[in-house]
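Below is one structure, written out as structure tokens; the observations come after it.
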Amino acid sequence: MSEFWLISAPGDKTNLQAWERMNTVTSKSNLSSNSKFHIPDLKVGTLDALVGLSDELGKLDSFAESVIKKIAQYIGEVLEDSKDKVQENLLANGGLKDKMKCLQIDLISYLTRFEWDMAKYPIKQPLKNISEALAKQVTQIEADLKTRSAAYNNIKGNLQSLEKKTMGNLLTRTLADIVHKEDFVLNSEYLITLLVVVPKASYLQWQKTYESLSDMVVPRSTKMIAEDAEGGLFTVTLFRKVMDDFKAKARENRFMVREFYYDEKELKCEKEELMKLASDKKQQYGPLLRWLKVNFSEAFVAWIHVKALRVFVESVLRYGLPVNFQAMLLQPNRKSVKRLRDVLNVVFKHLDEVAAASIMDPGMDIPGLQLSNQEYYPYVYFKIDLSILDCS
């Protein structure tokens, strides 16, 4: 599963007891894969400040999660490729050792081997300062994403719009890549060349009748210059003064005259615009993808630091001072989620008997506890769901 449970429980002097009890019972039954989640010695501050920070971190958690999801989805749009190709680009900066900071690793490895980034988020400053730095970073990434994606989408949209014109049938598609100057009588005061779309089944009828559809049609002036699955595009030259009469008679015979007049400059501009947009898209693609990869990593790393902050704050609020708790990361086995929750409830029910009882009896009303449907357990618990990054 790509879902993780980040939990904490109070420990003894070495924090081994909470970890060993949990790890023993869950591993023995193969309920989850577990690892310690290392949180540094952060500055606690006042309890009042922690209560206010708890609410702010909850909002920041949701915001950061939404931003990394947006980036992941947009990487999929930019790549225009398979889910596997997208996942290859969803990496995080490795924090295993200082010398490996530049290493890009998969998200699960980063999470299970999490190390606090001391350089980016110094732990000697107040928790609120760290929270504000994280919020500022994620907010800036979101703003930059909006700007960059809007610019790229504008080019991509205009290019797609022009490309669509080359994909329709002969009645609607652009003719810039089909017609040539020599197909038309140009700069004549009396003559004009029209383009007529003729259904395939009517080719013979066209050849037999086009000269007589109206007066003053130039004999043997038709030729087919393009064909698709439905019909062919024919030229025909006639005198300008009979053009309206010819169009009406052609329509009666289900020959459709296209409203098209050869303009070399206009056709050249259309071709050049298509080439320019294709070139612009190609030039922006590489730098944009690199920016997305780097800032996905930055936002993801920030998000996990927010989770670490939340565990720290909630653990202090729940278990009190001095700070003494063990944070643990569990990856539930897919078929054992309910069983794992039950086992954890048994292991940690002594931490909060009322909460433990409410889990066994979901309909139980806990006086004074209004969680607005928030998940609450005897232990501190936060979910980290990496499936939100699936871009199928």
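Output the relative contact order of the chain, whole-number percent, from Cα pairs under 8 angstrom with separation of 6+ residues.
Answer for the chain is 36 percent.
Once fully extended, how much extra length lies between LYS146 and ARG21, figured as 0.36 nm per residue of separation less the alpha-carbon to alpha-carbon distance?
40.3 nm
For LYS241 and ASP177, what is the calculated FRET efficiency with R₀ set at 45 Å and r taken between the beta-carbons, to the nearest 0.05?
Calculated value: 0.90.
Can you give me the long-range amide H partners of PHE37? Hydrogens built in the peptide plane at 1.01 Å from N, cutoff under 5 Å, separation of 5 or more residues or another chain.
ALA327, MET328, LEU329
Extension gain ILE225-ALA119, at 0.36 nm per residue separation less the Cα-Cα distance, in nm?
Full extension of this stretch gives 31.4 nm more.
Where does helix 47-79 land angle-wise versus the long Cα axis of the chain, in degrees 0 to 90, nearest 10?
30
I'd like the Karplus ³J(HN,Hα) series for the stretch 326-342: coefficients 6.51, -1.76, 1.60, θ = phi - 60°, whole numbers in Hz, and an x wherever there's a Gly or Pro.
10, 8, 9, 10, 10, 10, x, 6, 3, 8, 10, 4, 5, 4, 4, 4, 5
Residue by residue through the stretch 195-202, what is 3J(HN,Hα) from phi via Karplus (6.51 cos²θ - 1.76 cosθ + 1.60, θ = phi - 60°)? Round to whole Hz and write x for glycine and proline.
Calculated HN-Hα couplings, in order: 10, 10, 8, 10, x, 4, 5, 10 Hz.
Place a +1 charge on the Cβ of each Lys and Arg in the chain and a -1 charge on the Cβ of each Asp and Glu, then give the dipole magnitude about the Cα centre in debye, rounded to the nearest 20.
660
Residues of the stretch 157-184 with the amide nitrogen closer than 17 Å to a label point 7 Å from the Cα of TYR285, along Cα-to-Cβ, please.
The answer is 157-164, whose backbone nitrogens lie closer than 17 Å to the label point.
With a point put 7 Å past each Cα toward its Cβ, work out how far SER54 is from LYS335 in nm, to one decimal.
In this crude label model, SER54 to LYS335 measures out at 3.9 nm.
So who's got an amide H within less than 5 Å of the one on SER32, skipping anything under 5 residues away but keeping other chains? H placed 1.01 Å off N, in plane.
For SER32, whose amide H was placed from the backbone, the distant partners under 5 Å are ASN333.
Take the Cα pairs of the chain, get the Kirkwood Rh, then feed it into Stokes-Einstein at 37 °C and 0.692 mPa s and tell me D in µm²/s.
My calculation gives 123 µm²/s for D.
Within the set LYS59/LYS338; LYS43/LYS136; LYS36/LYS70, which residue pairs have Cα atoms separated by over 24 Å?
LYS59/LYS338; LYS36/LYS70
Quick one: Debye curve from the C-alpha atoms of the stretch 181-261, no solvent, what's log10 I(q)/I(0) at q = 0.11, 0.27 Å⁻¹?
-0.24, -1.55
Order of VAL196, VAL51, VAL86, VAL25 from fewest to most other C-beta atoms within 10 Å?
VAL51, VAL25, VAL86, VAL196
Would you please give the FRET efficiency between SER66 and HIS350, computed as 1/(1 + (r/R0)^6) with r the Cβ-Cβ distance and R0 = 56 Å, to the nearest 0.05?
0.95
Taking the Cα centroid of the stretch 108-125 and of the stretch 178-210, what is the distance between the two, rounded to the nearest whole Å?
Taking the Cα centre of each part, the stretch 108-125 and the stretch 178-210 sit 72 Å apart.
Once the Cα atoms of helix 16-28 and of the chain are each reduced to a long axis, what angle between those two axes, in degrees from 0 to 90 to the nearest 10, is obtained?
It works out to around 60 degrees.
How large is ³J(HN,Hα), in whole Hz, for each residue of the stretch 178-191 in order, when computed from phi with the Karplus curve 6.51 cos²θ - 1.76 cosθ + 1.60 and θ = phi - 60°, using x for Gly and Pro?
10, 7, 9, 4, 5, 6, 10, 8, 10, 6, 9, 6, 10, 9
List every residue whose amide H lies under 5 Å from the amide H of GLY232, counting only residues 5 or more places away in sequence or on a different chain, with H placed 1.01 Å from N in the peptide plane.
The answer is VAL198, LYS200.
Values in this text are rule-based calculations from the coordinates and carry no lab data. Since this is a predicted model, take the numbers as computed values, not measurements. Cβ: placed from backbone, ideal geometry, glycine included. Neighbour counts: every protein chain shown.
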